[in-house]
Amino acid sequence: MTKRVSIEDYRRAAHRRLPRMVFDYVEGGAERERGLDRNVDGFERWQFRPRRLVDVQDRKPATTLWGREHKLPVYLSPTGLNGLSRPGGDAMLARAAARAGIPFALSTASNMSLEEVARASDGEKWFQLYVLSRELAEVLVKRAQAAQYDALILTVDAHVNGYRERDMRNGFALPVRYTPRTVLDGTLHPRWSMDFLRTGVPKLENFETMEAKSPEAQAALLRRQMDAGFDWDALAWLRDLWPGKLMVKGILRRDDAEACARLGVDAVIVSNHGGRQLDGNVTAVDQVAEICGAVDIPVLFDGGIRRGTDVIKGLCLGASMAGLGRAALYGLAAEGEAGVSGCIDILRDEIDRAMALLGAPDIASLGPDLLDG
Ligand SMILES: Cc1cc2nc3c(=O)[nH]c(=O)nc-3n(C[C@H](O)[C@H](O)[C@H](O)COP(=O)(O)O)c2cc1C
């Protein structure tokens, strides 16, 4: 096997291994996918202005969030239905993150229960909450607390589903519908199909013991039919319910970030959901500097990160950490847990090399002076 040296190499391997319907679910975005493309290309807006003759023999890519140290300034963003890429995918991602010393975020729409994932990894774990109803949210939050998740992420940009044309054309649904096309798709990807036949259709395991086990509730979750009435008062309710660190994901404006800070939220995640929700949203990294200037709480961001230099650019603009969505999923689909580790290793190398070439021996020395644009 040729050595994979970039996230793009893993993307190609994921494309070969996954049936088209599953690859398109991971890869696709909303409508014309302009937002998706801009996320990836958006980093080109800035070029580096390196500092010369700085002693960079001893480089430290470690960072701290709320006083806790992480070995890299990246975390694995929450992604639903990881079991479609690999059976047991949630635990694979959690373990690979723990081994690398970075946080892992588990989606509400995971294919392993939050308790099972908590048992599988002793690394830092965050639980991402989708609010289908206040009652279900309360149960999930209490379970995440009992399972000792280190932080809660409330996602606020997916109360209705993005218009994902690839998924609609492919008839993407759970349980998978057997049509001549999906059967042919599976036959053309035998290694994935063997796993699938061996382990069965992945379920939304967090709901297996709950009221939401009903097919209607599961379908609502898959269509992201959330509580569209969830507003700032509801956020105040959630703040009271969860005593630990609370983040709000999907923020793209400074006034919303300021309102989060006023309500006692501990960090905001600037994100357009990987271009999967409203096509035409601004690119997250473009908003980072303004939002960082407006609030005193940490600002994290995600979207389109495929290179260590993308991470570095976001940090130069003021972000505390960068989230990996598809970059980790390509590794998961291509090689399972080893592939996730392979992707994190590539990004670690790229971050380290960029820090050396920029004259920035540690994360604290990254700043806007290193960017032009
Ligand atoms: C396949 C897939 C599933 C996702 N599922 C969720 C989810 O369940 N909850 C959530 O908050 N974000 C979800 N996201 C969005 C990611 O957390 C993140 O914002 C996005 O992937 C970042 O963009 P990137 O993939 O270009 O890195 C998902 C993204 C992908 C690609």
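Data for the structure
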read-out	value
A338-R262 FRET efficiency (beta carbon distance; Förster radius 45 Å; 0.05 resolution)	0.55
Extension reserve of the S193-R177 stretch, reckoned as 0.36 nm per residue once the Cα distance is removed	4.3 nm
Sorted by Cβ density within 10 Å, fewest first, the residues K142, K3, K203	K3, K142, K203
Cα radius of gyration and Dmax for the range 1-129 (Å)	17.7, 51
Mean-position separation - Cα centroids, the range 317-360 and the range 228-305, in angstrom	23
Fewest-first sequence of D302, D37 by Cβ atoms within 10 Å of each Cβ	D37, D302
Cα-based shape type of the range 128-267, given that a ≥ b ≥ c are square roots of the gyration tensor eigenvalues and the cut on a/c is 1.5	prolate
Potential lengthening between N161 and K142 on full extension [0.36 nm per residue; Cα-Cα distance subtracted]	4.3 nm
FRET efficiency for K3 and E290, using Cβ-Cβ distance with R0 set to 45 Å, rounded to 0.05	0.65
Equivalent-ellipsoid semi-axes of the range 230-366, from the Cα gyration tensor, Å, largest first	28, 19, 14
FRET efficiency estimate (nearest 0.05) - Cβ-Cβ, R52 to M168, R0 41 angstrom	0.20
Taking E33, E8, E208 and counting other C-beta atoms within 10 Å, the order from fewest to most	E208, E8, E33
Ratio of Rg to Rh over the chain (Cα coordinates, Kirkwood Rh, two decimals)	0.95
Within the chain, helix-based [θ] at 222 nm, where runs of 4 or more DSSP H residues each add -39,500 (n - 2.57), nearest 500	-13000 deg cm²/dmol
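Read-outs: derived from the displayed coordinates by stated rules, not from any lab. For clarity, every value in this text was computed on a predicted model and none was experimentally measured. Every residue, glycine among them, receives a Cβ derived from its backbone with ideal geometry; neighbour counts consider all protein chains shown.
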